Every structure is written in C-alpha cells, then in structure tokens.
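Heads up, the thing below is written out as structure tokens.
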Amino acid sequence: MNQLEPRTAATVLNTYSPEDLQELFSAYGEVRNARSLAMRIASERSHREIKTVGDLLSIAEPLVRGHRQRYLSQVFQALRIEVNDEMGALTEFLEQSLEVLKPGGRLVVIAYHSLEDRLVKHFLKTGNGDGEIEQDDFGHIYRPFQVITKKALEPSPEEIERNPRSRSAKLRIGEKM
C-alpha cells in the first residue's frame, strides 16, 4: 500500500527467521503446513535469493495441500498483510474511531477476510481487538459500541454474480454509546 515502505515481500522471505515465517504464514494466511513452507523457504534462500513471484512459486508448489489456488492465495495473503501491516492499520483505524465518533455515530466496516472480520467483531463487542472484556472496579463491562449487526451482513447471490470479488465481504455496524 505504501510504495515508500522499504520492506517488501522479498525482504520478508529473505530475512525473516524460519520461526517468524512460520508464524506469519500460520497467523496471516492460516496455511496448514506453515512450518514446512517456512523451512523450505529458509533452505532455498541459502542457495539463492528469492526475488520473484516465480521463485516463490517454485518453492511453494511442491508443498501445496488441497486446492492449489486457495493454498497459494493464503501464502500471498500472508505476505501482503505483513508487508502492508494491514492488521496494524486496521487496529489503528478502529482505535481512532473511538476518538472521532460522537455518541450515536456509527462505525461501518467491510472486512474481506476472516482475520479482519474477527478483529472488527471483537472491537465492536469489547472496544479492543483482543476481544478481552474490560470491567471497572464495580464490575461494569466497558462496551463503547452497541452492535447493530449481530451477524455480519454478506452479499446476496445476485451481488456475487455481478461482482465476484464481493464473495468474501462481511459488513459489520456498531453505534457508539
């Protein structure tokens, strides 16, 4: 997202420890064999630098489990989220919404993958991304938002037909109390 950011996917692939790569693929991509992928990347980069998408594909292809396109999408999603610090940007946005919204103001967020949706759901419910309920000394639960959408709103089959990219979108709404 930020063209001036010095960190690139190649930087991540060539400098992160195998443990950090495993955590990255597991947390952000929900890649089932994240450890195997991380170890293979570490092994391959000791012979040659990983510079291109083709380089990464040649490393990841033999490890594909299940549907190829889905597996590779998860791998690239994890890299994109890390390079762009997307979860950090979303968290910062949500926290700032508490400061700028007046009581009665509505926060409307569309999430495009489960990690974002989970963060938004927890934030609307508890006021933090961890989903941990905060209480004062008297046991009163801190809830900065009244959740308007108990379940996320999803696109209709007609909308998905018109716009296939909307298939993963989930919309959540909260009203600041």
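If you filter the stretch 13-48 down to residues that are more than 18 Å from the chain's Cα centre (by Cα), in a helix (DSSP H, G or I) and among the small types (Gly, Ala, Ser), you find that the one that is farthest from residue 77 (Cα to Cα) is 43. All but one of (1) more than 16 Å from the chain's Cα centre (by Cα); (2) surrounded by 15 or more Cβ atoms within 10 Å (Cβ to Cβ); (3) at pLDDT 95 or above hold for residue 126; which doesn't? Against the list (1) more than 16 Å from the chain's Cα centre (by Cα); (2) surrounded by 15 or more Cβ atoms within 10 Å (Cβ to Cβ); (3) at pLDDT 95 or above, residue 126 comes up short only on (3).
Taken together, 9, 78, 38, 60 contain a single residue that is closer than 19 Å to residue 111 by Cα and surrounded by 13 or more Cβ atoms within 10 Å (Cβ to Cβ), which is 78.
The values are calculated or read from the model by the stated rules, or taken from the named source; none is laboratory data. The shown structure was predicted, so the numbers you read here are calculated from the model rather than taken from an experiment. Counting neighbours? That spans all protein chains shown, and the Cβs are built from the backbone with ideal geometry, glycine included.
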